[in-house]
Amino acid sequence: MSALVQVPGAWLLPSIVKTVDGVFQPGAGTVMTRILVIDDDANIREIIVEMLTDAGYEVVAAGSGTNGIRLFRQAPFDLVVTDLIMPDKDGLEVVMELRKDFPGVKIITLSGNPFGRSSLETSRALGAARTLGKPFSEDQLLEAVRDVLESN
């Protein structure tokens, strides 16, 4: 697994870090589908980032809901993949805030909490396009991402 590189408010795989004069530039370089991954668990976050990067997506990761929303406001993404259970701003708050301010945003929510099933259902009601329970396979994640990105 590749080491992540820290940029302001996010962690990226070295292969996708883009800089101009040494300053991180979201979206600089080639045009790719941009995905924001929000998860407070660094190990899960790194695994998801690697799966998506290996599939050809440009991925930015945030370790909290607050940082994820800040990154989205700086440069909107094609898709957000967010955990639901996080300490500072949970995934339901992320879904509500992003859907309110960016009605067309596409969101996939994740939860590994045994009580997360009801939160996953709630996230769907609030506007998440798809939900996945943890653990999930790489195939399940990539299928969900493709389905959501291809939907209108």
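Throughout, read-outs are computed from the coordinates displayed, never taken from laboratory work. Because the structure is a prediction, the values reported are computed rather than measured. A quick note on method: Cβ atoms are made from the backbone with ideal geometry, for glycine too, and the neighbour counts reach across all protein chains shown.
The table for this structure:
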{"read-out": "The range 38-146: chymotrypsin sites (Phe, Trp or Tyr not before Pro) in DSSP coil with no more than 11 other Cβ atoms inside 10 Å", "value": "Phe115"}
{"read-out": "Simple label model, 7 Å out from Cα along Cβ direction - Glu138 to Ser118, nm", "value": "3.6 nm"}
{"read-out": "Debye equation applied to the C-alpha atoms of the range 102-152, log10 I(q)/I(0) at 0.13, 0.22, 0.25 Å⁻¹", "value": "-0.30, -0.81, -0.98"}
{"read-out": "Nitroxide proxy distance, nm - points 7 Å out along Cα→Cβ at Met96 and Gln74", "value": "2.6 nm"}
{"read-out": "Interchain or long-range residues, amide H under 5 Å from Thr33's placed H", "value": "Glu58"}
